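The numbers here are math on the coordinates, done by the rules we state, and not lab data. Keep in mind that what you see is a predicted model, and the values were worked out from it rather than measured. In this analysis, Cβ positions are derived from the backbone assuming ideal geometry, glycine residues included, and neighbour counts consider all displayed protein chains.
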Amino acid sequence: MDFLIKTVQFNTFSELKTINEPYYSVLILDGKASFSIDANSYECDGKNIIFLTPYQVLQWQNTEFELLHLLQFHGDYYCIEYHKKEVACNGILFNNIYAKPFVPVSDTVFEDVLQAISNIKKLETTTENYNQSIIKTYLQLILALSSKEKQLNSLETEQAFPISSEISDFKEVLDDNFIQNKSVAFYADYYALSIDVFSKKIKKQFGKTPSKLIQERMILEAKKRLHLTHKSIKEIANELGFDDEFYFSRYFKNHVSVSPKVFREKVGISIVAK
C-alpha cells in the first residue's frame, strides 16, 4: 500500500485519469463534468462532491472545471463502519446504489471543505500521531458536512419527485430477495406489473434498469462480506447463491475489474469484521 491518505489538485483536463483503485475517493469539483461510474452515466454542474468506494470505476467523458481536488484514503486509515456513529456516511455518501454518487453543495460548505483539504495537505506528509489525529478530524468534517448536504438534497428531491406508490418499497423488497431471485420477472410479478412497465417505472425512479440494480446489489453485498467478515471466498460465494467460488470470482471480476481475492488483499478486512 503506497499511502493511507493523500490529496491531489488537478489543473487541466489532460491530467485527469480513470479512477479504479482500492481507496475511498472524494472529488471536490467546481464546473461542468460528464462522467461514468461503474458504467452509469452522470452529469453535474457547479460545486459538487463525488464519492467513490474502493474499485468503483470512474471514467471522465468531458469536463470544464475551474477547480478539482481528489482526496483518497484507505479503509485501514479511516474506517467508515467504525466511525458510523460520528459520521453517517455509509449508505449515504458511499455504498448507495439508489442515488447519484455525488452531491451539490452550497458555497459555504464548499469553502469549508476546501479549507479542510488545505489543512490536510499541510499535514499529510507528517507521521506524528497527533498530526494524524488532526487529519482524521478534518476528513471527518468533510464527510459530515457532505453527508448533511446529501440528506437535505435527498429530502428536497423526494418532496419534489415522490416515489411511485406502486414501487415505494422496492429497496426493501430487493434487499430481502436479491440472493434468491435475480430475475427482473420475479420483481415485476411481485408488483403485478409487466416487465416492460415495471422496468420503466424503476428506470424513471432510480435512473437505472432493474437488472442493473439487482446486479449492483449483489456486488455491494459481495464487497461488504469480503471487507466486513473473515469468511472464506468459498463461504461467501455459497451464501450469495453461486454454484461455486470460481463462478463467483468470474462474476465479481467482470463487474469490479479485480477478483475477490485481490479485492480483499488490497482493500483489507475491516477492524469491525466479525
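Once the Cβ-Cβ distance of ILE271 and ALA99 is raised to the sixth power relative to R0 = 41 Å, the FRET efficiency obtained is 0.90. Charges on Cβ only, +1 for Lys and Arg, -1 for Asp and Glu, centred on the Cα centroid of segment 1-134; of PRO101, LEU71, ASN48, which one is farthest towards the dipole's positive end? Going by the Cα projections, it comes out as PRO101. Look at where the Cα atoms of segment 28-54 and of segment 232-274 average out, and the two centres are 27 Å apart.
Candidate cross-link partners of LYS234 among the lysines, defined by an alpha-carbon separation under 22 Å and a same-chain spacing of 8 or more, comprise LYS182, LYS223, LYS224, LYS253, LYS261, LYS266, LYS274. Length gained on full extension, SER41 to GLN115, computed as 0.36 nm times the residue gap minus the Cα-Cα distance: 23.7 nm.
Amide H to amide H distances under 5 Å link GLY268 with no residue, where only residues 5 or more positions off or on other chains count and H is placed in the peptide plane. Sequence-ordered 3J(HN,Hα) estimates for segment 209-226 from the Karplus curve with 6.51, -1.76 and 1.60 and θ = phi - 60° stand at 6, x, 5, 5, 5, 4, 4, 5, 5, 5, 5, 4, 5, 4, 4, 4, 6, 5 Hz, glycine and proline given as x.
Per-residue Karplus couplings for segment 47-63, computed as 6.51 cos²θ - 1.76 cosθ + 1.60 with θ equal to phi - 60°, are listed in order as 8, 9, 10, 9, 10, 10, 8, x, 6, 7, 9, 9, 10, 7, 9, 6, 7 Hz, Gly and Pro entered as x. Subtracting the Cα-Cα distance of TYR130 and ALA144 from 0.36 nm times their residue separation leaves 2.9 nm of extension gain.
Think of each Lys and Arg Cβ as +1 and each Asp and Glu Cβ as -1; about the Cα centre, that makes the dipole of the chain roughly 480 debye. The phi torsions of segment 21-29, fed into the Karplus equation with coefficients 6.51, -1.76 and 1.60 and a -60° offset, translate into couplings of 9, x, 10, 6, 10, 10, 10, 9, 10 Hz, rounded to whole numbers, with Gly and Pro shown as x. Database remark: amide H of LEU67 closer than 5 angstrom to the amide H of ASP30 (H placed geometrically; neighbours at sequence offset of 5 or more, or on other chains; Pro and chain starts carry no H). Taking a point 7 angstrom from the Cα of ASP76 along the C-beta vector, which residues in segment 40-67 have backbone N less than 18 Å away? Once the point is set 7 Å along Cα→Cβ of ASP76, 54-55 turn out to lie under 18 Å by backbone N, inside segment 40-67.
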